[in-house]
Amino acid sequence: MTATAEKIVEIGKDAERQNEAANREAEGLIVRYPVRAGEDDPIEFFRTLNEKEGWSLTEVGREVGYDASVVSKVFGGTYNGDLEKVQFAFGDAMNRILGSGRGVLIRTQASLIIEEALADSVASEWFTVLYGESGIGKTDTLRRFLLSSKGRKNARRAIILTITLTASAGSVMQRLADLLGVDSRGQVERLFDRIVLHLKHNPTLIIVDEMNNLERTPSKAARIVNMLRQINDETMVGLVFIGTASLHQMIVDPRNRGWADMLLNRIRLQEELPGASLIEARALLIAHFGKVSLEAWSAWVKGYEDIMRASQREVDLENGNLRAVGVFIKNARYFFTSNRIKQGTALSAKIVRGVWNRCGRRLRDEAA
């Protein structure tokens, strides 16, 4: 352990008391704890969120892309539409929630940057790109931004368009039209014209989440990005792309220069969101595993430093720009299951070391 790491875990003479104080401070950052619903059936997953975890039908509908009335019919078994399409939408939304964050919401520096960027973009034609690691609350910050503006007098409208792994130009335009309340029938070109006409009379900030999902389909990415860029050009409404680091890599990849250069010329702000600070990292651990003991915290800090160095990644403990908190949390779930450790068990130093060992193997494989 380096001197910096030792300094972080050496809390003071009354170490246990001060560790508890740090836990209380971290708990103050937690807005929502992780969802605990099962993962077998997407519809049952969201039914559990609705009935047992306090999610309203409107909140469920916002996640899956359907009105609350449709969600109610699906839950009640009276929906007469395309149930296979509904199953896919529910499954896609469930998989997004069951990422490393599992729906947890922490007030972080990254969330403050996102909120400021959205506030700047909503009243202008600015084009913004924000990217950062999974588990830092990007999507939940977007939803909170939309909810905070509802009901405000003279508030500019904003919508969130989520890109799925199977997105096409047609499905993206249809979803955008639905979100704007525009007729979503017909060819892509006609949808585009209707959307542009609507936005010219009803300026609306377009927030495009999970843009990194286009990374594996370059041809689709080119068409979708170009259509969104043209909407921005013709309507002068704000456009914000949100995603992981893969979003940035996709934009700067020389193989995508044909469309990426036109995009880069229009971007006012492209910013990498910061990783978790030390207190934010502690808050994430508490949200998922309960209060962190001094022994477990010491093992966590040492393990973080060791695997980052072993995988040839930058270690920024002193400034608290931590980049692998989501990786730890995701791998902890696998570790608990494979070792038959009961979910909800508090982290011990032994468990922490075991999880970091698993994380280290995966990160080293990526760096190789």
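The values are calculated or read from the model by the stated rules, or taken from the named source; none is laboratory data. Predicted model only: the values in this text are computed from it and were never measured. Don't worry about glycine lacking a Cβ; one is built from the backbone with ideal geometry, like all the others, and counts go over all protein chains shown.
At-a-glance table
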read-out: Complete set of residues in segment 273-332 that are modelled with pLDDT of 85 or more and at positive phi; value: 290
read-out: Residue among 246, 311 that is small (Gly, Ala, Ser) and within 23 Å of the chain's Cα centre (by Cα); value: 246
read-out: Those residues of segment 339-359 which are at pLDDT below 85 and over 24 Å from the mean Cα position of the chain (by Cα), in sequence order; value: 342
read-out: Sole residue being surrounded by fewer than 21 Cβ atoms within 10 Å (Cβ to Cβ), among the basic types (Lys, Arg) and more than 19 Å from residue 175 (Cβ to Cβ), chosen from 257, 229; value: 257
read-out: Residues of segment 260-286 that turn out to be out of contact with any Lys or Arg (no Cβ under 8 Å at 6 or more places or on another chain), in a helix (DSSP H, G or I) and not β-branched (Val, Ile, Thr), as a count; value: 10
read-out: Qualifying residue in segment 185-194 (condition: assigned by TED's automatic domain parsing to the domain that holds residue 129 and in contact with a strand residue (DSSP E or B) (Cβ under 9 Å, 6 or more places away or on another chain)); value: no
read-out: Close pairs from segment 152-177: first in the same structural domain as residue 213 (by TED's automatic domain parsing), partner among the charged types (D, E, K, R) and modelled with pLDDT under 85, Cβ under 6 Å, at least 6 apart; value: 164/92
read-out: Any chance residue 258 is modelled with pLDDT under 85, under 20 Å from residue 112 (Cβ atoms) and not polar (S, T, N, Q); value: no
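Yes or no, residue by residue, for (1) touching a Phe, Trp or Tyr at 6+ places or on another chain (Cβ under 8 Å); (2) assigned to a helix (DSSP H, G or I); (3) charged (D, E, K, R):
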| position | (1), (2), (3) |
| --- | --- |
| 36 | no, no, yes |
| 44 | no, yes, yes |
| 55 | yes, no, no |
| 80 | no, no, no |
| 89 | yes, yes, no |
| 92 | no, yes, yes |
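For (1) at pLDDT 80 or above; (2) not in a loop (DSSP other than H, G, I, E, B), each residue gets a yes or a no:
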residue	(1), (2)
134	no, no
146	no, yes
154	no, no
166	yes, no
172	yes, yes
190	yes, yes
195	yes, yes
220	yes, yes
223	yes, yes
